[in-house]
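Before any comments, here is the structure.
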Amino acid sequence: MDVSIIIINYKSAKLVMDCVASIYEQTHQYSFEIIVVDNDSQDGLEEKLKAGFPAIRWLQTGYNAGFARANNAGIRIALGDYVLILNADTIIKEGAIDKNLALIKQYSDAVGSGVQLLNTDGTNQISGAHFVKGGLNTLLPLPYLGKLIRYLGYRFKSTVPSVQTIKDKIEVDWVVGAYILVKKEVLQKAGLMDEDFFMYAEEIEWCSRLRKQGKLYLFAEPKVIHIGGGTSSDYYTTTENENSKNLWNKKGRQIIVSNMLRIRKQFGIGWFLLIAGTYFIEIPLFFICLLLHKIFTANKATYTFKNWIDYVKNMGVLLRYCFKILLNKPYFYKVA
């Protein structure tokens, strides 16, 4: 078996069906199996899949296990020489999996790879990135400090870490979790995904360990449509700033905790305290800047006092988890 393709379902039956159909339509050169891991969706997908694609392997977790745990469950039963982590909200284009396998086999130093992800309108999407020391880029979504940090980055001509357009191939530090192809044998040393994570940032931390075993590439020729948010939109009901920059709703709460967990695991206690401290410093700064904007300008403010209140609440959640994160002992960080 050349590749085991692992897809997680959480109430995303239509997306999974479309994704699976595109795999069968576009993958002919290499042998594959598809393992669908269901996070207790109770949406009737198993019967629909087996009626249309009887070779599908179905695995039920029995609860909403999130991204890392569900993918690990699939990896543990995978038979392929390669493992492909594939989001439910993806569509395979023009033999992308075949092309990706053919390309990665040409590079003996490669432990994994990604492809050119596309938006539904065909424009390029961020497909991977380079690490930023200490995870400083996680500060960019902050309402006011983030803008200052971004300005300073441009002022000093810092390299943009994200890779949106791939030219031929490029080596990166991490690959976007919508599509990650990994040599299975590498996992004996690098390990599986860290099961402390519920959702978000787990693939970045995983790639940091994979990267120690060899190179991660992005290839331009294989192209995959990534609709975006397919496996999390049913869990998080959000209506604004769906680009992970909203830090005051339920989704933002999980993103903050997951990012802090990743920083602690990847960069250590010092960087964790620095980044977390900056998030807390944002509380008074957010309020003062918002108040000054309301008093001295006629323009409508980008943010509201409700945003500030909800941000403070999310910081309270982070504070509740800080000690656990510092200790770095096993714990499932599924934020309520």
Taking segment 128-172, which residues are among the aliphatic types (A, V, I, L, M) and not in a helix (DSSP H, G or I)?
A129, V132, L140, L142, V160, V163, I166, I170, V172
Within segment 1-47, the residues that are assigned to a strand (DSSP E or B), among the charged types (D, E, K, R) and under 19 Å from I97 (Cβ atoms) are E33
Among G135, G80, G66, which is the only one that is of a type outside the set (A, V, I, L, M, F, W, C), on the phi < 0 side of the Ramachandran plot and touching a residue at least 40 places away in the same chain (Cβ under 8 Å)?
G80
Look at segment 292-315 and say how many of its residues are open to solvent by 50 Å² or more (accessible area, probe 1.4 Å) and either touching a Cys at 6+ places or on another chain (Cβ under 9 Å) or part of a loop (DSSP other than H, G, I, E, B) (or both).
6
Among residues belonging to segment 53-89 that are assigned to a helix (DSSP H, G or I) and among the polar types (S, T, N, Q), point out the one that is surrounded by the most Cβ atoms within 10 Å (Cβ to Cβ).
N71
Candidates S12, S41, S22, filtered to the one that is at negative phi, under 21 Å from the mean Cα position of the chain (by Cα) and in contact (Cβ under 8 Å) with a residue 60 or more places away in the chain
S12
Looking at segment 165-180, which of its residues are out of contact with any Cys (no Cβ under 8 Å at 6 or more places or on another chain), under 19 Å from Q266 (Cα atoms) and either β-branched (V, I, T) or open to solvent by 30 Å² or more (accessible area, probe 1.4 Å) (or both)?
V172, V176
Please determine whether any residue of segment 247-266 is over 23 Å from L136 (Cβ atoms) and in a helix (DSSP H, G or I).
yes
If the requirement is being farther than 18 Å from Y10 by Cβ, open to solvent by 40 Å² or more (accessible area, probe 1.4 Å), in contact (Cβ under 8 Å) with a residue 24 or more places away in the chain and not acidic (D, E), which of these qualifies: K50, K93?
K93
Give me the residue from segment 181-201 that is within 18 Å of the chain's Cα centre (by Cα) and either closer than 16 Å to Y217 by Cβ or polar (S, T, N, Q) (or both) and, out of that set, surrounded by the most Cβ atoms within 10 Å (Cβ to Cβ).
L181
Close pairs from segment 184-205: first within 13 Å of I263 (Cα to Cα), partner among the β-branched types (V, I, T), Cβ under 6 Å, at least 6 apart:
Y200/I255
Pairs, first surrounded by fewer than 23 Cβ atoms within 10 Å (Cβ to Cβ) in segment 252-280, second in a helix (DSSP H, G or I) and among the hydroxyl-bearing types (S, T, Y), C-beta under 6 Å, six or more apart
Q266/S208
From the list I75, I5, I92, pick out the single residue that is within 18 Å of the chain's Cα centre (by Cα) and closer than 21 Å to A220 by Cα.
I5
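The values are calculated or read from the model by the stated rules, or taken from the named source; none is laboratory data. It should be emphasised that the depicted structure is a prediction, and the values quoted were computed from it without experimental measurement. Cβ: placed from backbone, ideal geometry, glycine included. Neighbour counts: every protein chain shown. Note: accessible area is taken over every heavy atom of the protein model, side chains too, but ligands, DNA and RNA are not part of it. Shrake-Rupley method; radii C 1.70, N 1.55, O 1.52, S 1.80 Å.
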